[in-house]
Amino acid sequence: MKFDTKLLHSGFNPKEHNMCINVPIYPTTAFDFGSVQRGADLFDLKCEGDIYTRLSNPTSNILEKRLADLEGGVGALCFSSGQAATTAAILNITSANQEVVASSTLYGGTCNLFSHTLKKLGIEVKFALGDDIEDFEKLITNKTRCIFIELLSNPALNIIDIEKLAKLAHKNNIPLIVDNTIPTPYLCKPIEWGADIVVHSTTKYLSGHGNAMGGAIVDSGNFDWAKAGKFPELSEPDESYHGIVYTETFKNAAFIVKARAQLIRDLGSSPSPFNSYLTISGLETLSLRMQRHCESALKVARFLEDNKYISWVNYPMLESNKYHSLAKKYTPKGCSSIVGFGLIGGASAGVKFIEALKIPIFTTNIGDTRSIITYPYITTHRQLSEAQMKACKIGADTMRFSVGLEDIDDIIDDLDNAIRESQK
Ligand SMILES: *Cc1c(COP(=O)(O)O)cnc(C)c1O
């Protein structure tokens, strides 16, 4: 099946669900084992089936199969949020006294998780200072267990050469984990470029309608954990699961099976079946929405580039952008919905601009059907010192616009008017 067909059909057969044409919601906490033997087999992971919704649920299972298919992986596991998915992806293969190498341009929540919470667990995350492969290479030690990056990072939108980074990771017998939230598999499938694990905040474009929090991990099935010799939690007996050896029993699905059987069992960061249902429903229109997001974002970027009150525009599809050639390689259909720009006139112009806008919602989210304007200087980054802001490349002029699905003429008129008001 091609991508757009998978969006609508993967992982779901109406014959297995009372002939429903739409994916049903299974609002149940537990499942009847049916027989003593089946109960025992389920607990031995000898047969497939649901036990308790913290571990799996039929509605979420459909979303998992669909996401695995869309990204080209062997399996997926859904979570209550993107943060929960990232946490589990790291903890699945990293313990105290081990390290992670990550890009420094990451979503703020991931930055906090990496610099504070993982540190408390004894895991050190080393941040690469630049986007070049050498910036990552020099941080790798024999304690490093994975490399973690975002593709089209939020909000800097930089693009790291995944293909080269995957080669570096594999040379060091460690996997590459890519947060693919902003491109979605419609714009790029990191597994095709060598990524081993993909994580998502489904809260954004995948569900798309701003109505359901969620996260997911997709396992490519390509990384040989046993051969790498660094991951005893996958290739040696798991005491917490009757001594099961994941790489022997589950072969190339070892990572994703362990994440479910052990981590989501213990951490409990499972999705609600209702949210999985909403995400499946939103996912059906992913291609159509992403096409429109990309088309409109490029028009907004070009409009801003020509406006005399705008000092800079960041959108990698623009020929002038530093990442344009990498965008052509990795996201040739477009660079998603986020456009960053600088408004002349400092904080007083910034405040007037936000107040004059009529269409976009003033909040911090992205990837909603509705346009969203973010002013980090007044909101997300206001606690930082001037020096810290400078390091994050945030100033009084910095605006971030997630271009929604409204009529593009209305969006541009609204921006044009608010920019003029801001200069009064
Ligand atoms: C929002 C976001 C996250 C976190 O996801 P939540 O669903 O909010 O927990 C992680 N990565 C990126 C790139 C994001 O934009």
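The values are calculated or read from the model by the stated rules, or taken from the named source; none is laboratory data. Only a predicted model underlies this, so the values are computations on that prediction, with no experimental measurement involved. Heads up, the Cβs are rebuilt from the backbone with ideal geometry, glycines too, and the neighbour counts pull from every protein chain shown. Surface areas here come from the heavy atoms of the whole protein model, side chains and all, with no ligands, DNA or RNA. Shrake-Rupley method; radii C 1.70, N 1.55, O 1.52, S 1.80 Å.
Would you be able to tell me the number of residues in segment 285-306 that are open to solvent by 20 Å² or more (accessible area, probe 1.4 Å) and either touching a residue at least 12 places away in the same chain (Cβ under 8 Å) or closer than 30 Å to residue 393 by Cα (or both)? So that I can check it myself, show each step before the final result.
Just the residues of segment 285-306 that are open to solvent by 20 Å² or more (accessible area, probe 1.4 Å), to begin with: 285, 288, 291-292, 295, 298-299, 302-303, 305-306.
Those left that are additionally either touching a residue at least 12 places away in the same chain (Cβ under 8 Å) or closer than 30 Å to residue 393 by Cα (or both): 285, 291-292, 295, 298-299, 302-303, 305-306.
So the count comes out to 10.
Tell me which of these residue 196 doesn't satisfy, since it passes every other one: (1) within 25 Å of residue 84 (Cβ to Cβ); (2) in contact with a helix residue (DSSP H, G or I) (Cβ under 6 Å, 6 or more places away or on another chain).
With respect to (1) within 25 Å of residue 84 (Cβ to Cβ); (2) in contact with a helix residue (DSSP H, G or I) (Cβ under 6 Å, 6 or more places away or on another chain), residue 196 is out only on (2).
Just need a number here: residues in segment 20-58 that are assigned to a helix (DSSP H, G or I) and among the basic types (Lys, Arg). Reasoning before the result, please.
Restricting attention to segment 20-58, the residues satisfying the condition of being assigned to a helix (DSSP H, G or I) are 36-43, 58.
Those left that are additionally among the basic types (Lys, Arg): 38.
Residues that pass the stated criteria total 1.
Could you tell me how many of the residues in segment 357-367 are within 16 Å of the ligand (Cβ to nearest atom) and either open to solvent by 20 Å² or more (accessible area, probe 1.4 Å) or without any contact (Cβ under 8 Å) to a residue 12 or more places away in the chain (or both)? Walk me through it before giving the result.
Residues of segment 357-367 that are within 16 Å of the ligand (Cβ to nearest atom), as a first pass: 361, 363-367.
So of that shortlist, the ones also either open to solvent by 20 Å² or more (accessible area, probe 1.4 Å) or without any contact (Cβ under 8 Å) to a residue 12 or more places away in the chain (or both) come out as 361, 363-365.
Looking only at that region, the number is 4.
With a cut-off of at least 3 residues that are within 11 Å of the ligand (Cβ to nearest atom), within 14 Å of the chain's Cα centre (by Cα) and touching a residue at least 12 places away in the same chain (Cβ under 8 Å), name the helices (runs of 4 or more DSSP H) lying wholly within segment 103-175. Walk me through how you get there before you give the answer.
On the way: elements: 108-112, 133-137, 162-171.
Hits in segment 103-175: 108-112.
With respect to residue 370, determine if the residue is under 19 Å from the mean Cα position of the chain (by Cα), open to solvent by 30 Å² or more (accessible area, probe 1.4 Å) and in contact (Cβ under 8 Å) with a residue 60 or more places away in the chain.
Details: under 19 Å from the mean Cα position of the chain (by Cα): no; open to solvent by 30 Å² or more (accessible area, probe 1.4 Å): yes; in contact (Cβ under 8 Å) with a residue 60 or more places away in the chain: yes.
Judged against the criteria, residue 370 is not a match.
Between 28, 5, which is at pLDDT 95 or above, under 20 Å from residue 266 (Cα atoms) and hydroxyl-bearing (Ser, Thr, Tyr)? Outline the logic, then answer.
On the way: 5 fails: under 20 Å from residue 266 (Cα atoms).
Answer to the check: 28.
If you take the residues in segment 25-47 that are of a type in the set (Phe, Trp, Tyr) and touching a helix residue (DSSP H, G or I) at 6+ places or on another chain (Cβ under 7 Å), which one is farthest from residue 258 (Cα to Cα)?
As a first pass, look at segment 25-47 and keep what is of a type in the set (Phe, Trp, Tyr): 26, 31, 33, 43.
Going one step further and asking which of them are touching a helix residue (DSSP H, G or I) at 6+ places or on another chain (Cβ under 7 Å), we end up with 26, 33.
Details: 26: 24, 33: 22 Å.
This residue is 26.
In the list 100, 125, which residue meets the criterion of being open to solvent by less than 10 Å² (accessible area, probe 1.4 Å) and either at pLDDT below 95 or in contact with a Lys or Arg (Cβ under 9 Å, 6 or more places away or on another chain) (or both)? Steps first, answer last, please.
Working: 125 fails: open to solvent by less than 10 Å² (accessible area, probe 1.4 Å).
Testing whether each residue is open to solvent by less than 10 Å² (accessible area, probe 1.4 Å) and either at pLDDT below 95 or in contact with a Lys or Arg (Cβ under 9 Å, 6 or more places away or on another chain) (or both) leaves just 100.
Taking segment 189-205, which residues are within 16 Å of the ligand (Cβ to nearest atom) and either open to solvent by less than 10 Å² (accessible area, probe 1.4 Å) or on the phi > 0 side of the Ramachandran plot (or both)?
Let us first name the residues in segment 189-205 that are within 16 Å of the ligand (Cβ to nearest atom), namely 190, 195, 197-205.
Answer for segment 189-205, where residues must be within 16 Å of the ligand (Cβ to nearest atom) and either open to solvent by less than 10 Å² (accessible area, probe 1.4 Å) or on the phi > 0 side of the Ramachandran plot (or both): 190, 195, 197, 198, 199, 200, 202, 205.
Anything in segment 334-356 that is outside any helix (DSSP H, G or I), in contact with a strand residue (DSSP E or B) (Cβ under 8 Å, 6 or more places away or on another chain) and either open to solvent by less than 20 Å² (accessible area, probe 1.4 Å) or within 16 Å of the ligand (Cβ to nearest atom) (or both)? List them, or say none. Don't jump to the end; show me each part of the working.
So in segment 334-356, the residues outside any helix (DSSP H, G or I) come out as 334-345.
Still in the list and also in contact with a strand residue (DSSP E or B) (Cβ under 8 Å, 6 or more places away or on another chain): 337-344.
Result: 337, 338, 339, 340, 341, 342, 343.
Look at segment 9-19 and say how many of its residues are surrounded by 12 or more Cβ atoms within 10 Å (Cβ to Cβ) and either assigned to a helix (DSSP H, G or I) or of a type in the set (A, V, I, L, M) (or both).
As a first pass, look at segment 9-19 and keep what is surrounded by 12 or more Cβ atoms within 10 Å (Cβ to Cβ): 9-12, 14, 17.
From the residues that got through so far, the ones that are either assigned to a helix (DSSP H, G or I) or of a type in the set (A, V, I, L, M) (or both) too are 9, 14.
The number of residues fulfilling the criteria is 2.
Does any residue of segment 235-255 turn out to be open to solvent by less than 20 Å² (accessible area, probe 1.4 Å), out of contact with any Phe, Trp or Tyr (no Cβ under 7 Å at 6 or more places or on another chain) and within 16 Å of the ligand (Cβ to nearest atom)?
For segment 235-255, residues open to solvent by less than 20 Å² (accessible area, probe 1.4 Å), out of contact with any Phe, Trp or Tyr (no Cβ under 7 Å at 6 or more places or on another chain) and within 16 Å of the ligand (Cβ to nearest atom): absent.
With within 16 Å of the ligand (Cβ to nearest atom), in contact with a Cys (Cβ under 8 Å, 6 or more places away or on another chain) and in contact (Cβ under 8 Å) with a residue 12 or more places away in the chain as the only criterion, which of 214, 282, 208 stands out?
Values: 282 fails: in contact with a Cys (Cβ under 8 Å, 6 or more places away or on another chain); 208 fails: in contact with a Cys (Cβ under 8 Å, 6 or more places away or on another chain).
One residue alone meets the criteria, 214.
What's the total number of residues in segment 27-76 that are on the phi > 0 side of the Ramachandran plot and free of Cβ contacts under 8 Å to residues at least 24 places away in the same chain?
Total satisfying the criteria: 2.
Give all pairs with beta carbons closer than 8 Å in which a residue from segment 79-97 that is among the β-branched types (Val, Ile, Thr) and within 15 Å of the ligand (Cβ to nearest atom) meets a residue that is open to solvent by 10 Å² or more (accessible area, probe 1.4 Å) and not in a loop (DSSP other than H, G, I, E, B); count only pairs at least 6 apart in sequence or on separate chains.
Matching pairs, first to second residue: 86/113; 86/179; 87/113; 87/117; 87/267.
Is it the case that segment 320-333 has a residue that's more than 20 Å from the chain's Cα centre (by Cα), at pLDDT 95 or above, farther than 24 Å from residue 152 by Cα and not in a loop (DSSP other than H, G, I, E, B)?
No: segment 320-333 contains no residue that is more than 20 Å from the chain's Cα centre (by Cα), at pLDDT 95 or above, farther than 24 Å from residue 152 by Cα and not in a loop (DSSP other than H, G, I, E, B).
Where residues in segment 65-96 are among the polar types (S, T, N, Q) and touching a helix residue (DSSP H, G or I) at 6+ places or on another chain (Cβ under 7 Å), which of them is surrounded by the fewest Cβ atoms within 10 Å (Cβ to Cβ)? Before the answer, list the steps.
At the first step, the residues of segment 65-96 found to be among the polar types (S, T, N, Q) are 80-81, 83, 86-87, 92, 94-95.
Subsequent filtering for residues that are touching a helix residue (DSSP H, G or I) at 6+ places or on another chain (Cβ under 7 Å) retains 83, 86-87, 92.
Working: 83: 21, 86: 26, 87: 23, 92: 26.
Ranking the candidates gives 83 first.
Those residues that are hydrophobic (A, V, I, L, M, F, W, C) and open to solvent by less than 20 Å² (accessible area, probe 1.4 Å), I need them from segment 206-233; list them, please. So that I can check it myself, show each step before the final result.
The initial filter retains those residues of segment 206-233 that are hydrophobic (A, V, I, L, M, F, W, C), namely 206, 212-213, 216-218, 223, 225-226, 228, 231.
Scanning segment 206-233 gives 206, 212, 216, 217, 218, 225, 228, 231.
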